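The values are calculated or read from the model by the stated rules, or taken from the named source; none is laboratory data. Note that the structure is predicted; figures quoted are calculated from it, not measured. Glycine gets a Cβ as well: all are built from the backbone with ideal geometry, and neighbour counts include every protein chain shown.
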Amino acid sequence: MAFPWTVQLGTVAVSAHFLFESAAYIAGFALYQRQRQALGDVIPDPIRSSIIVATILGAFLGSKLLFLLEDPALTMQHWRDLAYIMGGKTIVGGLLGGTLAVEWTKARLGITRRTGDLFVLPLIVGMAIGRVGCFVSGLHDHTYGLATSLPWGVDLGDGISRHPVQLYEISFLAATGWLLHTARPVLPEGGQFRGFLILYLAWRLAADFLKPGISVAGLTPIQWTCLFALLWYLRNAPEWFAARKKPLHG
């Protein structure tokens, strides 16, 4: 199996990573629309549109910021390279940036209802599809794992057997989706999204020990971000999950 994968479209070779990433966005949006129609939404269309715009902008800025902080020295070397600045992104930064932007927007609009549950399934499916793209891109995506002697290690093109961390994450996302779907009847409004965010942050805090990266006091910038966010969320978790179960909306 040769990495990175490409798909031949006529005379043009297209990156499989690009195709999977595009499919992730399309599938995520389609699932969101389906969830909203099936479950209803406590937020009217004009306001929901404002929240979606805030989500996109916050996710974009958060994903870029954390990417730039992953390797400050490299960022300083390429700070004039627009392709470098625009090319990198992180899921953790996108999730947290999008969440913060939505909470700020809701506070400005006076919305107190929890609106994240509609996004859980679209996020899980979209992220899983995207991770397939990360895997087939080999070393070029910089999401590969450390060397391993385990029998399921994968050579991504440099002759080194590595942890297939992208496939690990796909398995984690599938298990998380099943768990949250099973628990949905007993979770309070917003509980699915909070549960997803807590589980994913904990996963990345642990799983990123299997990835190369620049560490500060034993943790990479992504891991430190996950740790601080987890501490904040877990501090409030008992109050959130003890809340009375409400009808599931948004």
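So, in the stretch 5-24, how many residues would count as being free of Cβ contacts under 8 Å to residues at least 40 places away in the same chain and within 22 Å of PRO122 (Cβ to Cβ)?
Residues meeting the conditions: 1.
For the stretch 10-97, please list each of the helices (runs of 4 or more DSSP H) lying entirely inside it that holds at least 3 residues being of a type in the set (A, V, I, L, M), outside the structural domain of TYR200 (by TED's automatic domain parsing) and buried (at least 18 other Cβ atoms within 10 Å of the Cβ). Break it down stepwise before answering.
Values: elements: 16-39, 45-70, 72-77, 82-87.
Of the helices (runs of 4 or more DSSP H) lying wholly inside the stretch 10-97, those with at least 3 residues that are of a type in the set (A, V, I, L, M), outside the structural domain of TYR200 (by TED's automatic domain parsing) and buried (at least 18 other Cβ atoms within 10 Å of the Cβ) span 45-70.
Looking only at the stretch 161-179, count every residue that is of a type in the set (A, V, I, L, M, F, W, C) and over 16 Å from the mean Cα position of the chain (by Cα) and tell me the total.
Taking the stretch 161-179 and keeping what is of a type in the set (A, V, I, L, M, F, W, C), we get 165, 167, 170, 172-175, 178-179.
Next, only the ones that are over 16 Å from the mean Cα position of the chain (by Cα) stay: 178-179.
Of the residues in the stretch 161-179, 2 are of a type in the set (A, V, I, L, M, F, W, C) and over 16 Å from the mean Cα position of the chain (by Cα).
Does LEU248 qualify as being modelled with pLDDT of 95 or more, under 30 Å from VAL42 (Cβ atoms) and buried (at least 17 other Cβ atoms within 10 Å of the Cβ)? If you could, list the steps in order and put the result at the bottom.
Details: modelled with pLDDT of 95 or more: no; under 30 Å from VAL42 (Cβ atoms): yes; buried (at least 17 other Cβ atoms within 10 Å of the Cβ): yes.
Spelling it out, it is not the case that LEU248 is modelled with pLDDT of 95 or more, under 30 Å from VAL42 (Cβ atoms) and buried (at least 17 other Cβ atoms within 10 Å of the Cβ).
Quick one: count up the residues across the stretch 105-120 that are touching a Gly at 6+ places or on another chain (Cβ under 8 Å) and either surrounded by fewer than 20 Cβ atoms within 10 Å (Cβ to Cβ) or closer than 25 Å to PRO4 by Cα (or both).
1
Could you tell me whether any residue of the stretch 18-28 is in contact with a strand residue (DSSP E or B) (Cβ under 8 Å, 6 or more places away or on another chain) and under 20 Å from GLN166 (Cα atoms)?
yes
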